[in-house]
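Following: one structure in structure tokens, then a few remarks.
The values are calculated or read from the model by the stated rules, or taken from the named source; none is laboratory data. Bear in mind the structure is a predicted one, so any value in this text is a computation, not a measurement. So basically every Cβ, Gly included, is an ideal-geometry build from the backbone, and we count neighbours across all protein chains shown. All accessible areas refer to the heavy atoms of the entire protein, side chains included, with ligands and DNA or RNA removed. Shrake-Rupley method; radii C 1.70, N 1.55, O 1.52, S 1.80 Å.
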Amino acid sequence: MRITCTPKRESGMTLVDLVMAVAVLGIMAGGIFGSFRYGIFMLQLVRENQRATQVILEKVETIRLYNWDQVNSNGFIPHNFEVAYDPQATTNNEGTTYYGTVTVAPCTLVSPYAANLRQLTITLDWTTRDIPHTRTLTTYIAKDGIQNYVY
């Protein structure tokens with residue numbers, strides 16, 4: 001009986017295989033972490049946009065309740081305002097700060113009732129990670145508008 005040894009193929013990974021596997025895993029991990037970072041940033045932007053809409057709506061609803069003489073008087077409606085907001089903040093000094101301007105101007109429409117209208121423009125500015133953002137709302141206030149329905 002004759003016994004012969006056949007050489008086994010060596011199994012395992014070479015150093016080149018290992019380096020390539022680590023490089024591929026590193027690129028994949030970088031992509032995944034970058035996606036998480038981008039997703040969290042976009043969530044922050046959406047929250048700030050929603051809060052800006054709420055701040056503008058709050059100002060419009062407040063001005064809606066003024067009577068015609070209050071809307072037309074100089075200085076009754078503050079021109080500039082500032083709102084700081086962070087739902088998780090423990091003090092009022094943290095979070096996003098919104099800077100707003102309110103402008104009440106004569107109506108630019110060409111119509112017989114233009115003297116009974118005022119154009120209201122509310123602009124809100126804020127900054128996220130050194131990126132400036134602006135939201136603007138323009139609407140009209142009528143002399144005999146909804147404020148006459150409030151008792």
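Taking residue 12 as the residue in question, decide whether it is at pLDDT 90 or above, small (Gly, Ala, Ser) and surrounded by fewer than 11 Cβ atoms within 10 Å (Cβ to Cβ). In short, no.
One line per residue, one yes/no per condition, for (1) within 18 Å of residue 138 (Cβ to Cβ); (2) of a type outside the set (Val, Ile, Thr); (3) part of a loop (DSSP other than H, G, I, E, B):
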{"site": "24", "(1), (2), (3)": "no, no, no"}
{"site": "28", "(1), (2), (3)": "no, yes, no"}
{"site": "56", "(1), (2), (3)": "yes, no, no"}
{"site": "77", "(1), (2), (3)": "yes, no, yes"}
{"site": "103", "(1), (2), (3)": "yes, no, no"}
{"site": "111", "(1), (2), (3)": "yes, yes, yes"}
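Taking the stretch 40-51 as the range and being more than 8 Å from the chain's Cα centre (by Cα) and open to solvent by 40 Å² or more (accessible area, probe 1.4 Å) as the test, the residues that pass are 40, 42, 43. Within the stretch 32-45, residues that are within 22 Å of residue 97 (Cα to Cα) sit with their Cβ atoms under 7 Å from residues that are surrounded by 10 or more Cβ atoms within 10 Å (Cβ to Cβ), at 6+ positions apart or across chains, in these pairs: 44/128; 45/128. Keeping to the stretch 97-113, report how many residues are surrounded by 14 or more Cβ atoms within 10 Å (Cβ to Cβ) and more than 28 Å from the chain's Cα centre (by Cα). Total meeting the criteria: 1. In this structure, does residue 86 turn out to be modelled with pLDDT under 85 and over 30 Å from residue 43 (Cα atoms)? No. Among the residues of the stretch 106-151, those that are of a type in the set (A, V, I, L, M, F, W, C) and at pLDDT 90 or above comprise 120, 122, 124, 126, 131, 137.
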